[in-house]
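Reviewing the structure listed below.
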Amino acid sequence: MAASVHVVAKMFWRVLPAVSHQIRQHQSCLPNQFLKTRLAPVLFAHPRQFLCEAASQKTEILSQYKDRPWDYLDSEEYVDRYGDQPVWNGYRRNHKGAIPPQKTRKTCIRGDKICGNPCPICRDANIIIHHQNVKLLQQFISPHTGIVYDPTRTGVCRKQQKKLNEAIDTARNHGKVL
């Protein structure tokens, strides 16, 4: 008896994705009452509805810093994480062999996939490169020479380094950074 229940359950789980796909495709053909009462809550619910409240609070915090990214550098969360050090200070590049490659990786995030050891900017979603975010930009500029640090020193990926260079140039044009 237990084996037959197991076989039936296996068949059910194999058929379920195909059936739900067919129902989604032919949603307009099915009676509305059937969809509303039985299948709609389960099959047509968006995955975001199943997230816990902590994740939704985290997205609210992220959206808080999208409009004004320079506020993150004054927050307690930033001070707890980085202290007085630059963002890139504790980062160590991951590479094979004794000699590190001449270039950093092209990008840390491709689509939804994040690499194993993302660069200092990609790893913290609250750090947003913007030309008005002067405190962040100054961390990547040498105070003695005014030249932007090399990405091999900071460990920033080439995509973020390009954004940094553009933001620093824009900030210099606006007179925010010397």
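The values are calculated or read from the model by the stated rules, or taken from the named source; none is laboratory data. Note that the coordinates shown come from a computational prediction; the quantities given were computed from them, not determined experimentally. All Cβ positions, glycine included, derive from the backbone under ideal geometry; neighbour counts span all protein chains shown.
Key figures for this structure:
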{"item": "Test: residue 147 is assigned by TED's automatic domain parsing to the domain that holds residue 115 and surrounded by 16 or more Cβ atoms within 10 Å (Cβ to Cβ)", "result": "no"}
{"item": "Subset of the stretch 81-122 [free of Cβ contacts under 8 Å to residues at least 12 places away in the same chain, closer than 24 Å to residue 142 by Cα and not in a loop (DSSP other than H, G, I, E, B)]", "result": "82"}
{"item": "Test: residue 135 is under 22 Å from residue 66 (Cβ atoms), touching a helix residue (DSSP H, G or I) at 6+ places or on another chain (Cβ under 6 Å) and surrounded by fewer than 15 Cβ atoms within 10 Å (Cβ to Cβ)", "result": "yes"}
{"item": "Qualifying residue in the stretch 171-178 (condition: farther than 22 Å from residue 74 by Cβ, of a type outside the set (Phe, Trp, Tyr), exposed (fewer than 15 other Cβ atoms within 10 Å of the Cβ) and touching a Cys at 6+ places or on another chain (Cβ under 8 Å))", "result": "no"}
